[in-house]
Amino acid sequence: MSNPQQLRYSKEHEWLSAVEDGVATIGITEYAANALGDVVYAQLPEVGDTVTAGETCGELESTKSVSDLYSPVTGEVTAANHDVVDDPSLVNSAPFEGGWLFKVRVAEEPADLLSADEYTAFSGN
């Protein structure tokens, strides 16, 4: 499994795209998607919600377990991926593409986000 080099990663297994016009896209990593198993339900933050780095902002439910979704950054949600709400399996089949979860207008980006290589070493994949 390969973690895209252009993304940043949290120790809670979320990824963050480069900030463009103040907005970043957030999802969970392939490692996390595989660990969860088949995702059957996604509860995402809504447009206008404020999320805080390191705090719970949603939930993913799989055939194995329920997992909290954490935001890797602080900011205001500008979009939620309703395709994932309608078809949660996108989290498993395309975690870095169509399985993205939400977008945030970033107010603050923590300094402890990991590069792809650092995340690979951290997660052991």
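Would you mind stating whether residue 35 is in a strand (DSSP E or B) and closer than 21 Å to residue 11 by Cα?
Considered against the rule, which asks whether it is in a strand (DSSP E or B) and closer than 21 Å to residue 11 by Cα, residue 35 comes out as no.
List pairs: first residue in segment 98-125 and buried (at least 19 other Cβ atoms within 10 Å of the Cβ), second residue assigned to a strand (DSSP E or B) and of a type in the set (Lys, Arg) anywhere in the structure, Cβ distance under 6 angstrom, at least six positions apart or on different chains.
113/8
Inside segment 31-40, can you point out the residues that are open to solvent by 40 Å² or more (accessible area, probe 1.4 Å), touching a Lys or Arg at 6+ places or on another chain (Cβ under 9 Å) and among the hydrophobic types (A, V, I, L, M, F, W, C)?
Once the filter is applied, which keeps residues that are open to solvent by 40 Å² or more (accessible area, probe 1.4 Å), touching a Lys or Arg at 6+ places or on another chain (Cβ under 9 Å) and among the hydrophobic types (A, V, I, L, M, F, W, C), segment 31-40 yields only 35.
Of everything in segment 38-79 that's touching a Leu at 6+ places or on another chain (Cβ under 7 Å), among the aliphatic types (A, V, I, L, M) and part of a strand (DSSP E or B), which residue is nearest to residue 110 (Cα to Cα)?
Only one residue fits best here, namely 69.
Which of the residues belonging to segment 85-111 are among the charged types (D, E, K, R) and at pLDDT below 95?
Listed by number, the residues that qualify are 97, 108, 109.
Yes/no matrix, rows are residues, columns are (1) open to solvent by 40 Å² or more (accessible area, probe 1.4 Å); (2) charged (D, E, K, R); (3) free of Cβ contacts under 8 Å to residues at least 24 places away in the same chain; (4) within 25 Å of residue 125 (Cβ to Cβ):
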site: 8; (1), (2), (3), (4): yes, yes, no, yes
site: 18; (1), (2), (3), (4): yes, no, yes, yes
site: 26; (1), (2), (3), (4): no, no, no, yes
site: 29; (1), (2), (3), (4): no, no, no, yes
site: 42; (1), (2), (3), (4): no, no, no, yes
site: 66; (1), (2), (3), (4): yes, no, yes, yes
site: 69; (1), (2), (3), (4): no, no, no, yes
site: 81; (1), (2), (3), (4): no, no, no, yes
site: 86; (1), (2), (3), (4): yes, yes, yes, no
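The values are calculated or read from the model by the stated rules, or taken from the named source; none is laboratory data. This structure is a prediction, so every number in the text was calculated from the model and none was measured. In this analysis, Cβ positions are derived from the backbone assuming ideal geometry, glycine residues included, and neighbour counts consider all displayed protein chains. Heads up: the accessible areas ignore ligands, DNA and RNA and are worked out on the full protein's heavy atoms, side chains in. Shrake-Rupley method; radii C 1.70, N 1.55, O 1.52, S 1.80 Å.
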